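Scroll down for the structure; my scribbles are underneath it.
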Amino acid sequence: VKASEIIAGSTVSGAAKHLESGFLQRSSLAMLRATPRGNAAAVSSALQVLRAGAASEAQRALIQRLEMMEQVDSEMKRNETLQGVKDVLQKYLTNLESERANEIEHEAFCTRELASNNRTKKQKTAKVESLTAEIDQLESSIAKLSEDIADISSQITKLSSALSEATKLRGDEKAKNSKTIAESQAAQEAVTEAINLLQEAFEKTAAISLLQIGSKTGVVTLLETVLGDFSRLEAETKAQELAADKEFKAFKTDSNMDKASKQSDAQHFTEEKTEASKALAQKKVDLASSKTELTSAEQYFKELSKQCLSSDSDAAKQKAHREEEIQNLKTALKELEE
């Protein structure tokens, strides 16, 4: 009973949790198999197994406990002493199996998190690249729109200047033609009046020599020619005025239509530039956010690497060694049951 209490004590239980891997070797197990079946022999065999691989303070503490069991063996039944040994081995086996289960769970965690992290990094990298390309395209579009707006604004200014100049020239030309027409009309009235006066004078003069008649007739003819010239000048000036006015109105209409069209284009370009600028601002915000998320994913990968990407060969050796220890412990416990 006393030995059982010792084995069940916190010192033995605590020491068993920290036994280093390898304290049970196949050669030690062979020693246990060859041990006689008596109580003292069983405990002595366990001590030999532990001494063969003892390397840590925890193992040495366990040996001291078993030596105490050996000293009180005469006071105990066989099964009680062997049960104490089996309890120590079972606890160590339980710890190793728990360690294996934890490792399996950790491997599943690593596999899951590494896969998820890899997907996240790919997605965020693709997003950053896509947003960067979109931002470059938007900046290029905005620059082109700015050039188009400046160009079309220049064209509108030239159209306005040309129309303003044409309007001034048309005004000057109209004023000149109006003056010419008015003067031609006034001249025609004056010449017509002169011709009428001469004809009245001729009619009042009864006796005129043929020479005088011929001379007076020549004057009238000359005045009639001048009257015709003034009449023709009036008609030609009016015709020129009509043609010039028609041409100006056509130019004015075309200019106003062209100007309105360009103003509409300029407004459209300006609205498009405004929308592109808003989109650019949002894309830059999205890019900054995506870069932050990518940085976080990369940082998390570094943390995962420390936990999950240790040397494969070292991990495999540790796993194989642990499996060997588990099998050795199971075999030892089985033989103690026999």
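The values are calculated or read from the model by the stated rules, or taken from the named source; none is laboratory data. These figures come from a predicted structure and were not determined experimentally. The area values use the complete protein model at the heavy-atom level, side chains included, leaving out ligands, DNA and RNA. Shrake-Rupley method; radii C 1.70, N 1.55, O 1.52, S 1.80 Å.
The Cα center of segment 161-205 and the Cα center of segment 290-304 differ in position by 93 Å. Counting protein heavy atoms only, segment 162-309 has 58 percent of its accessible area on carbon and sulfur, 1.4 angstrom probe.
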